[in-house]
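Take a look at the structure set out below.
The values are calculated or read from the model by the stated rules, or taken from the named source; none is laboratory data. Here the structure is a predicted model, which means the values were calculated and not measured. Every residue, glycine as well, gets a Cβ built from its backbone with ideal geometry; the counts of neighbours run over all protein chains shown. The protein model used for the area step is the full one, side chains on, heavy atoms only, and it has no ligands, DNA or RNA in it. Shrake-Rupley method; radii C 1.70, N 1.55, O 1.52, S 1.80 Å.
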Amino acid sequence: MDARYARQIQLKDFGPEAQKKLARSRVLVVGLGGLGLPVLQYLNAMGVGTLGLMDQDSVELHNLQRQVLYSEVDVGRMKLEAAHEKLMAQNTKTTFRLHDSFLVRDNALDVIRDYDIVVDATDNFPTRYLINDACVILNKPFIYGALHGFEGHVSVFNHKTGPTYRCLYPNMPSFDEVPNCDENGVLGVLPGIIGTLQALETVKLITGMGEVLSGKLLVFDGLQQRFTKIGFNTNPKNKKIKGLQEHYDPLDCRVVASISAEDFQSIREQEKIQLIDVRTPDEFEGRHLEEALNIPLDALKSLPKNFKTNRKIFVICESGKRSERAIRQLQKDCPDLNLCNVAGGMLKMKTLCP
Amino acid sequence: MTILLFGITKDIVGSPTLSFPTSSVSGKRMPNTVKELKVYLGKTYPELNKLSSLAVAVNNAYADDDHIINSYDEIALIPPVSGG
């Protein structure tokens with residue numbers, strides 16, 4: 001047996017059989033942020049055979065306090081590319097599958113189908129409910145982790161006959177109910193703790209060691225150093241999901257068209273384009289594309305009069321998130337507009353035209 | 001009765017725990033079920049009423065709305081959290 005894994009193989013309750021199980025297993029990690037990175041680093045180090053990486057965000061400066069796999073030089077790079085490079089260097093024997101997109105209704109079943117276990121390392125409710133429903137449909141267990149300030153939650157959902165996320169929280173909270181890390185903040189070390197616990201549960205699930213955290217929600221309070229475990233039961237109706245919902249994100253009634261920064265740049269070089277930059281005036285002042293008109297997201301109510309609505313209109317922000325939201329806002333009132341999001345935003349553009 | 005608060009409920013109430021004096025001390029009728037407790041808390045903290053999914057645990061087990069509660073129970077409000 002591989003000397004590399006000797007220290008875990010020598011554990012009486014682990015042994016060579018468990019190591020083989022890890023090597024044969026395929027784990028999808030959705031989200032390459034604070035939770036997903038420690039999960040991946042440990043599963044990769046411990047010898048999980050196939051790891052799926054899924055994210056379409058780029059690394060931003062304010063990610064670095066908690067997403068410790070990334071370095072300063074990675075700011076502006078795609079997370080998928082930066083994480084893959086580092087994980088490959090960490091373990092050359094692992095098979096990596098890269099999914100260069102977010103998990104959405106239209107790809108969820110196809111992506112998840114090819115894995116044994118899913119790790120929910122996302123940062124928003126719509127994707128968490130989508131993962132839940134897709135895993136129930138495909139009969140896959142998933143390891144849940146989520147954060148709020150100094151607090152973290154962990155559980156294993158849909159493990160055999162065990163309960164699902166909807167058994168604990170039947171209804172998806174609306175947008176304004178519960179803030180996310182962007183709005184509420186998170187202490188840098190917290191996702192490290194919770195992600196590492198998710199990695200542990202993943203390994204237990206694969207190898208059959210110990211007692212899987214199924215039917216229990218583990219709540220960690222970092223300020224009190226207190227773990228609370230809450231037991232809950234399966235509601236049989238939640239195990240009977242047969243198809244995905246029409247929509248998960250309440251604003252996600254339409255697909256937002258997007259273009260890669262590279263393709264956008266080549267269009268810019270060929271023709272005169274219409275472009276709205278929805279960042280704040282300060283951000284815009286710092287650096288912007290010359291053809292861009294600045295309308296901050298919170299001031300964007302309608303299109304400027306001089307824009308030709310029969311032609312394509314590009315929308316850009318710093319990372320591609322606010323511009324996506326801007327497009328959804330505009331589409332609500334004017335569904336026929338030809339709007340296109342610049343993926344990766346100015347962060348990506350700065351790497352293309354330094 | 002002690003109530004442990006997690007996630008957004010802790011932020012709404014502004015404290016990690018709430019204590020109720022028992023009815024023999026306060027003279028007020030105490031909530032008897034999880035549902036009554038939610039209504040009771042919702043009057044003092046209206047923002048709690050906005051939460052569409054709020055798990056309530058009684059003595060470390062998830063409890064439905066009609067679950068009977070006693071003054072010596074330890075209760076926890078655990079709303080969903082989304083950060084990652």
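Observations on the structure shown:
- For chain A: relative contact order, % (alpha-carbon pairs under 8 angstrom, 6 or more apart): 15
- Size of electric dipole in chain A: Cβ of Lys, Arg +1 and of Asp, Glu -1, about Cα centre, debye, nearest 20: 1280
- Exercise: per-residue mean of other protein chain Cβ atoms within 10 Å, A:225-232: 4
- Charge dipole of chain B about the Cα centre (unit charges at C-beta), most positive-ward option of B:Y40, B:G83, B:V56: B:Y40
- Residue-normalised accessible area of chain A, given per residue in Å² at a 1.4 Å probe: 46
- Length, then width, then depth: along the principal axes, the Cα atoms of the stretch A:230-354 run 57, 31, 27 Å.
- Estimated translational diffusion coefficient (Stokes-Einstein, Kirkwood radius over Cα pairs, 10 °C, 1.306 mPa s) of the stretch B:2-78: 126 µm² per second.
- DSSP beta bridge pairing in chain B, given as percent antiparallel to the nearest 5: 70
- Interface area, B with A, accessible, probe 1.4 Å, both sides summed, Å² nearest 100: 2500
- Dipole of the stretch A:209-354, positive direction: furthest Cα of A:L347, A:L217, A:T280, with charges on the beta-carbon: A:L217
- Rounded percent of accessible protein surface that carbon and sulfur make up, the stretch B:2-78, 1.4 Å probe: 50
- Between the helical axis of B:34-44 and the longest alpha-carbon principal axis of chain B there is an angle of about 80 degrees.
- Full-stretch length increase - A:E85, A:K242 - with 0.36 nm per residue and alpha-carbon distance subtracted: 52.8 nm
- DSSP finds beta bridges in chain A, and of those with both partners inside it, around 35 percent are antiparallel.
- Rounded to the nearest 20, the size of the Cβ-charge dipole of chain B about its Cα centre is 260 debye, with Lys and Arg at +1 and Asp and Glu at -1.
- Over 22 Å apart at the Cα level, from the set A:K308/A:K332; A:K79/A:K204; A:K239/A:K332; A:K305/A:K350; A:K140/A:K216; A:K21/A:K140, are A:K79/A:K204; A:K239/A:K332; A:K305/A:K350.
- In the stretch A:1-146, a dipole from Cβ-located charges (positive for Lys and Arg, negative for Asp and Glu) runs towards its positive end, and of A:A23, A:I143, A:V111 it is A:A23 whose Cα lies farthest in that direction.
- If R0 is taken as 22 Å, the Cβ-Cβ distance between A:L64 and A:L223 corresponds to a FRET efficiency of 0.45.
- Over all Cα atoms in the protein assembly as shown, the spread is summed up by Rg and Dmax: 23.6, 81 Å.
- Counted as membrane-span-like here are DSSP H helices of chain A whose alpha-carbon atoms extend 18 Å or more along the helix's own axis and whose Kyte-Doolittle mean is 1.0 or above; these are A:189-207.
- Note: the stretch A:301-354, Cα convex hull, 84 Å³ per residue.
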